[in-house]
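Here's the structure, in structure tokens; my notes come after.
The values are calculated or read from the model by the stated rules, or taken from the named source; none is laboratory data. These numbers come from a predicted model, not from an experiment. Using ideal geometry, Cβ is built from the backbone for each residue, glycine included, and neighbour counts are taken over all protein chains shown.
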Amino acid sequence: MKATLFSANQKAQKTIEMEKLVGLIRDGYKEKQVAALREELRYTIPGVSVKEANRLPVVYFCSTVKKQDGTFVRDQYNGLVLLKINNLANRNEAKNVRRQAAGSLQTMAAFIGSSGKSVKIIIPFTLSDHTVPQNDTLIRFFHARAYDRAAAYYREELQQQITVEENKLDAACRLSFDPDIYYNPDALPIRIEQLWEMPEKLPVSAPSPAVTDPLQRLVPGYERSRIVSLLFENSLRQAMDATGYRKGDEDIKPFLTRLAENCFRSGIPEEEVVKWLPVHTHFRIFEAEIRTTVHNVYCLSSGFGRKPCIRPEQALAFQADEFMKRRYEFRYNNMKGDAEYRERKSYYFNFFPVNEQVLNSISLNAQEEGIPLWDRDVKRYIYSNRVMHYSPIEEYMLELPDWDGTDHIRRLADTLPCNNPEWRNQFYRWFLSMVAHWNGLDRMHANSVSPLLIGRQGCGKSTWCRNLLPPELLEYYTDSIDFSNKRDAELLLNRFALINIDEFDSVSPSHQAFLKHILQKPVIYARQPYKRSIQPLKRYASFIATSNNVDLLNDPTGSRRFICIELTGNINHSTGLNHKQLYAQAATALRNNERYWFTSEEETAIIRNNHQFQQIPVEEQLFFQYFRLPETGEQGELLPAAEILRRIEQRSKIKSGIRNMALFGRLLLKNNVTKKHTKTGNYYHVIEI
């Protein structure tokens, strides 16, 4: 059995036998670095990155990895599942968990992690024929099922929470030092059937610890001092209203008595009352009287904490806030224009849209806990400023690693077989423009240029376009846009990051003007569904297009908007694509102020290349069949555009689709026909053949 050991910076890797890897952990190959990490962790706040951790190699147990075209790709899958039990109290608890894990016949290895407060468990899985899948898709399905089975088993066996990994296939850990590592090369592999889709996952929640403090139960989710402060101020206000006490009144006894009674019924300890009242400077001169009165009331009263001075609306608001934050995560997706949620402590890593069923389910879950929360209350909470806004593209760009210096963008362009030497540079410039406009670097213009891939059906054009976006952003790619529905088409500019105009030649001539319009539209002014007003929406979308036919450009004035590239063969999709480095290169170039727009010279080159893809109208072809341009010295005729078109229709017996003579006139001028303007209109100098 083999695994993969990466260097600390993860730029180099080597395949290593399991026995040798266990030896490195047992014999302390990185003992000093692990000791330094554990020492640093003693003085580090949880959640803060630790410098020493970045000096330890990384182990991938589930597969061996090789480097291909500068990118790490999976070489051999071995069926091993890595489980992590983190956040243990101390090394003694970690030893106990390791000992329990070693008691299972299915455990191949168990060792204490590099932090000293975690345990890593390795479990082998196979199919019923003792093999493991090697197809990438089947591996994902198999490993997801195996991970779920392993997590469920060891959770019950060890009575510990398993740290669930979002991408289980990429689960890895730092190389540790554990002289007592458990290793059983003859562990019994768990046999499972091959799935043909991702397994359904049920949410798994850890039991919440019982809350013993009555104040915490009254206003859950808040620090105790804030709860006491809130209850005290409510008690103070109620006492002032009930007794009519105001600043300057000489008789303070009725007020103090009523205040002490309110605080007693609210469950505020006696010393807290004595401490909080002098915070208001007016009462400091009465400190001795305050202490005596409060003490007497507390001695004579009964029913401590049974009737707190807090309005039902306040109590419900606090309970709802605590419930929502404890059970769910919410965010407002700016691109989707709606709220999303996921349950905490569950196997679901993706966020799902909030709909009526979700609102009702959350309401019922709250009522099961004794919180009178209705769907309208849930909706009011979700669509408030309590929920943070989320931009998926900005989030992805912020988490990119440093660029490794390889030209990934032009390498991606080179995967398209073509005879255009300018293509790789043109694609590079377009890709930078796409990323620049995602990040709002130019709010006055849009990414108005679109690559147009031309090739036979089945050569892989659409797949190549889809692969431009990383898996994290694939739901913001679409190849469905209806130009006849202008409002919806404009809203797609805000909803998607990349729009593929599939079968570009099927876009009717009547929609070409609108297509040109949205290509260069920087901001969308529209009313979103269920919204009351028109608001400016940020444009995210860039365009790309595909076609099977060569003669597809029918608007010569807009040809600079398309980078036409004719494919000479099938696209090779076997090479790995490192999306993070692809976009890290673009981000680095933009930070260095590299140009992301096309110059006039580059646009001229695009137009020149597009001549071969220009669609020649029937009227233009028929014109040269029945007319020609006069040679120098020839008289010819001066005819209006309508007369020329009438003669063409008469002689060819073909009815022209042009009804706007200005369009036909522009077509004549494009072919260098001399125009003469007179009082009665424009005339064109031609000779009829």
Original post:
Counting only residues that are over 51 Å from the mean Cα position of the chain (by Cα) and either among the small types (Gly, Ala, Ser) or over 16 Å from LEU645 (Cβ atoms) (or both), which one in region 657-684 is surrounded by the most Cβ atoms within 10 Å (Cβ to Cβ)?
Top reply: THR674
Subject >> Residue that is modelled with the lowest pLDDT, among those in region 281-318 that are polar (S, T, N, Q) and closer than 20 Å to PRO269 by Cα >> reply: SER302
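Please enumerate the residues belonging to region 356-369 that are under 28 Å from the mean Cα position of the chain (by Cα) and surrounded by 11 or more Cβ atoms within 10 Å (Cβ to Cβ). First the steps, then the outcome.
Pass one, region 356-369, residues under 28 Å from the mean Cα position of the chain (by Cα): 356-363, 365.
Within region 356-369, VAL358, LEU359, ASN360, SER361, ILE362, SER363, ASN365 qualify.
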Original post:
Identify, please: which residue in region 211-241 is among the charged types (D, E, K, R) and over 12 Å from ALA315 (Cβ atoms) and is, among those, modelled with the lowest pLDDT?
Top reply: ASP213
Original post:
Counting just the residues of region 603-620 that are among the aliphatic types (A, V, I, L, M) and part of a helix (DSSP H, G or I), which one comes out farthest from ARG424 (Cα to Cα)?
Top reply: VAL618
Subject >> Residues of region 488-509 classified as assigned to a helix (DSSP H, G or I) and within 26 Å of ARG456 (Cα to Cα), total >> reply: 4
Original post:
Under the condition of being within 29 Å of GLN33 (Cβ to Cβ) and of a type in the set (D, E, K, R), which residue from region 107-153 is modelled with the lowest pLDDT?
Top reply: LYS117
Original post:
Which one of the conditions (1) in contact (Cβ under 8 Å) with a residue 24 or more places away in the chain; (2) over 22 Å from GLU19 (Cα atoms); (3) over 31 Å from the mean Cα position of the chain (by Cα) does ILE112 fail to meet, given that it meets all the rest?
Top reply: (2)
**OP:** Tell me, yes or no, whether region 467-478 has at least one residue that is surrounded by fewer than 19 Cβ atoms within 10 Å (Cβ to Cβ), among the hydroxyl-bearing types (Ser, Thr, Tyr) and at pLDDT 90 or above.
**Re:** yes
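This table checks each residue for (1) loosely packed, with under 15 Cβ neighbours inside 10 Å; (2) of a type in the set (Ser, Thr, Tyr); (3) in the same structural domain as ALA497 (by TED's automatic domain parsing).
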position	(1), (2), (3)
PRO372	yes, no, no
ILE382	no, no, no
GLU395	yes, no, no
HIS408	no, no, yes
ASN419	yes, no, yes
TRP423	no, no, yes
Original post:
Within region 228-252, can you find the residues that are more than 17 Å from GLU271 (Cα to Cα), free of Cβ contacts under 8 Å to residues at least 60 places away in the same chain, within 55 Å of the chain's Cα centre (by Cα) and surrounded by 14 or more Cβ atoms within 10 Å (Cβ to Cβ)?
Top reply: ALA239, MET240, ALA242
Original post:
Can you pull out the residues in region 8-38 that are at pLDDT below 85 and surrounded by fewer than 17 Cβ atoms within 10 Å (Cβ to Cβ)?
Top reply: ALA8, ASN9, GLN10, LYS11, ALA12
Subject >> GLN581 being touching a residue at least 40 places away in the same chain (Cβ under 8 Å), polar (S, T, N, Q) and under 30 Å from VAL73 (Cβ atoms) >> reply: yes
Original post:
So, in region 262-308, of the ones that are assigned to a loop (DSSP other than H, G, I, E, B) and over 55 Å from the mean Cα position of the chain (by Cα), which residue ends up nearest to ASP249 (Cα to Cα)?
Top reply: SER301
Subject >> Where a residue in region 147-164 is more than 20 Å from ALA187 (Cβ to Cβ) and β-branched (Val, Ile, Thr) and its partner, wherever it lies, is assigned to a loop (DSSP other than H, G, I, E, B) and modelled with pLDDT under 80, with Cβ under 9 Å and at least six apart >> reply: VAL164/VAL204; VAL164/LYS345; VAL164/SER346; VAL164/TYR347; VAL164/PHE349
**OP:** Answer yes or no as to whether PHE664 is closer than 30 Å to ILE454 by Cα, in contact with a Leu (Cβ under 7 Å, 6 or more places away or on another chain) and modelled with pLDDT under 90.
**Re:** yes
Original post:
Given the structure, is THR163 under 16 Å from SER63 (Cα atoms), polar (S, T, N, Q) and either surrounded by fewer than 19 Cβ atoms within 10 Å (Cβ to Cβ) or at pLDDT 85 or above (or both)?
Top reply: no
**OP:** Can you tell me which residue within region 581-608, out of those that are within 25 Å of ARG560 (Cα to Cα) and among the hydroxyl-bearing types (Ser, Thr, Tyr), is surrounded by the most Cβ atoms within 10 Å (Cβ to Cβ)?
**Re:** TYR596
**OP:** Would you be able to say whether some residue in region 26-37 is within 32 Å of the chain's Cα centre (by Cα) and not hydroxyl-bearing (Ser, Thr, Tyr)?
**Re:** yes
Subject >> Counted residues, region 56-102 - those being more than 28 Å from ALA584 (Cβ to Cβ), in contact with a Gly (Cβ under 9 Å, 6 or more places away or on another chain) and among the β-branched types (Val, Ile, Thr) >> reply: 1
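Output the number of residues of region 456-475 satisfying the condition of being out of contact with any Gly (no Cβ under 8 Å at 6 or more places or on another chain) and either in a loop (DSSP other than H, G, I, E, B) or of a type in the set (Val, Ile, Thr) (or both).
Of the residues in region 456-475, 9 are out of contact with any Gly (no Cβ under 8 Å at 6 or more places or on another chain) and either in a loop (DSSP other than H, G, I, E, B) or of a type in the set (Val, Ile, Thr) (or both).
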Original post:
If only one of VAL65, VAL97, VAL132, VAL73 is in a loop (DSSP other than H, G, I, E, B) and in contact (Cβ under 8 Å) with a residue 24 or more places away in the chain, which one is it?
Top reply: VAL132
Subject >> Selection status of LEU629, outside the structural domain of PRO421 (by TED's automatic domain parsing) and either within 29 Å of VAL449 (Cβ to Cβ) or under 58 Å from the mean Cα position of the chain (by Cα) (or both) >> reply: no
Original post:
Do any residues in region 615-630 that are touching a residue at least 12 places away in the same chain (Cβ under 8 Å) have Cβ atoms under 6 Å from those of residues that are in a helix (DSSP H, G or I) and hydroxyl-bearing (Ser, Thr, Tyr), where the two are at least six apart or on different chains, and which pairs are they?
Top reply: LEU622/SER652
Subject >> Every residue from region 329-377 that is over 30 Å from ARG539 (Cα atoms) and assigned to a strand (DSSP E or B) >> reply: GLU343
Original post:
Out of curiosity, is ASN570 farther than 28 Å from GLU688 by Cβ and assigned to a helix (DSSP H, G or I)?
Top reply: no
Original post:
Can GLY636 be described as without any contact (Cβ under 8 Å) to a residue 60 or more places away in the chain, surrounded by 16 or more Cβ atoms within 10 Å (Cβ to Cβ), under 57 Å from the mean Cα position of the chain (by Cα) and farther than 13 Å from LEU622 by Cα?
Top reply: no
**OP:** Considering (1) surrounded by 14 or more Cβ atoms within 10 Å (Cβ to Cβ); (2) assigned to a helix (DSSP H, G or I); (3) out of contact with any helix residue (DSSP H, G or I) (no Cβ under 9 Å at 6 or more places or on another chain), say which one ASN92 fails and leave the rest.
**Re:** (1)
